[in-house]
Amino acid sequence: MAMLEIKDLEVFYGVIQAIKGISFKVNEGEVVALIGANGAGKTTILQTITGLLSPKKGNIIFEGQELTKIPAHKIVSLGMAHVPEGRRVFAQFTVYQNLLMGAYTRKDKNEIEASLAAVYKRFPRLEERKNQIAGTLSGGEQQMLAMGRALMSKPRIILMDEPSMGLSPILVNEIFDIIQSVSASGTTVLLVEQNAKKALSIADRAYVLETGKIVQEGKAEALLNDDSIKKAYLGE
Amino acid sequence: MSFISYLKDGISLGSIYAIIALGYTMVYGIAKMLNFAHGDVIMVGAFVILAAITKAGLSPLLSIILAVVLCTVLGITIEMVAYRPLRKASSNLAVLITAIGVSYLLQNVALLVFGADAKSFVTVINVPTLVLFDGQLTIKGITIVTIAACIIIMCGLTLFVNKTKPGHAMKAVSEDRDAAQLMGVNVNSTISLTFAIGSGLAAIAGLLLCSAYPTLTPYTGAMPGIKAFVAAVFGGIGSIPGAMIGGILLGVIEIFGKAYISSQVADAIVFAVLIIVLLVKPTGLFGKNVQEKV
């Protein structure tokens, strides 16, 4: 059974339909990428999964539970974390306070400390800057903070929205290395990216979105070598 | 000595504005709305205390507790019934107009229940007058209590917001509502909590206001409410220390205006100050510069 299954999802902004009946699934342990141009509906899908938007139709089933009936604030404690587009760190909080917000629903102090140590180990730069105000971090550091904050909830699946946006090529590589290591440590990843080449290079499977519909799907490797994908998304 | 005496009166009045302004500023910071009914909750609190003492014969302390509890419940109810359904409305004006409507509703219900004639408020706070410098400076008990209450509330709120989990949730919601939800913060209950705190403080403000100026009508809360709003904007709306400093400065300006310029234009001076502050520093004294990221 799939860990996360989306069935016939339809989402509207007022009268405009952004998502026009989408179905896909993510199996445990996979890295699944949703790729597509600006406006294809990638962010809308992630925001609907974590309850920030409500679908007009369709089901979102996570480990057997229907998420569309669960309020947004209860989803993180089910084991699903969302790294939103544009990082959305709490700019007035320190790095440390941001990370603690990530563990907001957790109670056990020792376990939170252990997660904090693990995040600092993965992102040494966050530990160096733990007392710095998050708004003064660079874009790459904010992305790391947003990821670290999501990991603080000890998720079984992590949804990442455009983690490479606005970063230099070196930082993009660094961020993708981190995503791979998060995946290697056993967390399932659903990745939304405009940088299709990078996303396909680390994903197991991928879905290609065009104006609210899935137009192609398959193994990431196969899509990397697909002529139409190459033309439309890889710039080759 | 009269200068110091005026200053003390100004700080005392300003302390009341500050307590009211805290309610305005917290609700604005977290729910992103101006609750224009906030001033009228003060009047409700004062009427509850008056009725509890004169009609029900409760002790002053019990009456104050009752007023705080009732105003807290009133604040939560107003938010749930009138504002929450409009939270996703396309225009912020809808909730602003509703707040004005709630303000008139409270005034008119009070008019219906208590009548239009001014009631004189009872003495609730019995603290002896402090006489200093061989009688050259006297400080009334209520002045001491008001300033002390203001300081305690300010410190308590600052500690609450910075040191407790619900406080952190409030700060997170005020910064980024969606991101806070992704962390597991219940935005609705955080906003309810904010209204609860603001309205509970309004009851205290009602007590202090009517103890210092002991006449009570259904419109008693309106003018102090507006001035506290000015104080909150003056200090930088959304900022807790801003509301505090803004409130006290406004009280001092008002009393000095009355004493040295003219008691008739004192209110005009208060609003002129707001206009000048907004022209010079649109975000207020402690306001954050909100930079919209594209």
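The values are calculated or read from the model by the stated rules, or taken from the named source; none is laboratory data. Values in this document were obtained by computation on a predicted structure and should not be read as measured data. Virtual Cβ from ideal backbone geometry, glycine too; neighbours counted across all protein chains shown.
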### Query
When you go through B:VAL81, B:VAL69 one by one, which is the residue that is in a helix (DSSP H, G or I) and within 19 Å of the chain's Cα centre (by Cα)?
B:VAL69
### Summary
Scanning the range A:161-195 residue by residue, the ones that are free of Cβ contacts under 8 Å to residues at least 60 places away in the same chain and on the phi > 0 side of the Ramachandran plot total 1
### Query
What is the one condition in (1) away from chain A (no Cβ under 14 Å); (2) in a helix (DSSP H, G or I); (3) without any contact (Cβ under 8 Å) to a residue 60 or more places away in the chain; (4) of a type outside the set (S, T, N, Q) that B:VAL131 does not satisfy?
(2)
### Query
Scanning for something of a type in the set (Gly, Ala, Ser), away from every other protein chain (no Cβ under 14 Å) and buried (at least 24 other Cβ atoms within 10 Å of the Cβ), does the range B:175-195 turn up at least one residue?
no
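Filter the range A:51-79 down to the residues that are in a loop (DSSP other than H, G, I, E, B) and either under 25 Å from A:ILE16 (Cα atoms) or acidic (Asp, Glu) (or both) and list them by number.
Result: A:GLY51, A:LEU52, A:LEU53, A:SER54, A:PRO55, A:LYS56, A:GLU63, A:ILE70, A:PRO71.
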#### Entry: the range B:134-150, residues that are closer than 27 Å to B:ILE197 by Cβ and in contact (Cβ under 8 Å) with a residue 40 or more places away in the chain
B:ILE142, B:THR143, B:VAL145, B:THR146, B:ILE147, B:ALA149, B:CYS150
### Message
Any residue at all in the range A:30-46 that's over 16 Å from the mean Cα position of the chain (by Cα), modelled with pLDDT of 95 or more and in a loop (DSSP other than H, G, I, E, B)?
### Response
no
### Summary
Condition set touching a helix residue (DSSP H, G or I) at 6+ places or on another chain (Cβ under 6 Å) and not in a helix (DSSP H, G or I), scope the range A:98-114, selection nearest to the other protein chains (Cβ to nearest Cβ): answer is A:THR105
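Collect the residues in the range A:9-27 that are among the small types (Gly, Ala, Ser) and either touching a helix residue (DSSP H, G or I) at 6+ places or on another chain (Cβ under 8 Å) or outside any strand (DSSP E or B) (or both), keeping them in residue-number order.
Of the range A:9-27, the ones among the small types (Gly, Ala, Ser) are A:14, A:18, A:21, A:23.
A:GLY14, A:ALA18 - these are the residues of the range A:9-27 that are among the small types (Gly, Ala, Ser) and either touching a helix residue (DSSP H, G or I) at 6+ places or on another chain (Cβ under 8 Å) or outside any strand (DSSP E or B) (or both).
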## Note on the structure
When every residue in the range B:155-170 that is farther than 17 Å from A:GLY102 by Cα and either among the hydrophobic types (A, V, I, L, M, F, W, C) or touching a residue at least 24 places away in the same chain (Cβ under 8 Å) (or both) is compared, the one nearest to the other protein chains (Cβ to nearest Cβ) is B:VAL161
### Query
Do we have any residue at all in the range B:220-240 that's buried (at least 19 other Cβ atoms within 10 Å of the Cβ), modelled with pLDDT under 95 and over 28 Å from B:ARG87 (Cα atoms)?
yes
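Checking the condition touching a residue at least 40 places away in the same chain (Cβ under 8 Å), more than 14 Å from every other protein chain (Cβ to nearest Cβ) and either surrounded by 17 or more Cβ atoms within 10 Å (Cβ to Cβ) or more than 22 Å from A:ILE175 (Cα to Cα) (or both), which residue from A:VAL83, A:VAL76, A:VAL89, A:VAL95 passes?
Working: A:VAL83 fails: more than 14 Å from every other protein chain (Cβ to nearest Cβ); A:VAL76 fails: more than 14 Å from every other protein chain (Cβ to nearest Cβ); A:VAL89 fails: more than 14 Å from every other protein chain (Cβ to nearest Cβ).
Every option except A:VAL95 fails the conditions.
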### Summary
Per the list (1) part of a helix (DSSP H, G or I); (2) touching a residue at least 40 places away in the same chain (Cβ under 8 Å); (3) under 30 Å from B:LEU62 (Cα atoms), residue check on B:VAL173 breaks on (3)
### Query
Which ones in the range A:115-153 are part of a helix (DSSP H, G or I), farther than 17 Å from B:ASP176 by Cα and among the aliphatic types (A, V, I, L, M)?
A:LEU116, A:ALA117, A:ALA118, A:VAL119, A:LEU126, A:MET144, A:LEU151
## Note on the structure
Of the conditions (1) in a helix (DSSP H, G or I); (2) in contact with a Lys or Arg (Cβ under 9 Å, 6 or more places away or on another chain); (3) under 20 Å from B:MET170 (Cα atoms), the single one that A:GLN92 does not satisfy is (1)
### Message
Any residue at all in the range A:11-18 that's free of Cβ contacts under 8 Å to residues at least 60 places away in the same chain, aliphatic (A, V, I, L, M), over 24 Å from A:GLU217 (Cβ atoms) and surrounded by fewer than 16 Cβ atoms within 10 Å (Cβ to Cβ)?
### Response
yes
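Could you pull out the residue among B:GLY225, B:GLY200 that is more than 14 Å from every other protein chain (Cβ to nearest Cβ), in contact with a Ser or Thr (Cβ under 9 Å, 6 or more places away or on another chain) and more than 17 Å from B:ALA110 (Cβ to Cβ)? Steps first, answer last, please.
Details: B:GLY225 fails: more than 17 Å from B:ALA110 (Cβ to Cβ).
B:GLY200 is the lone residue from the list that is more than 14 Å from every other protein chain (Cβ to nearest Cβ), in contact with a Ser or Thr (Cβ under 9 Å, 6 or more places away or on another chain) and more than 17 Å from B:ALA110 (Cβ to Cβ).
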### Query
Looking at the range B:1-12, is at least one residue free of Cβ contacts under 8 Å to residues at least 60 places away in the same chain and outside any loop (DSSP other than H, G, I, E, B)?
yes
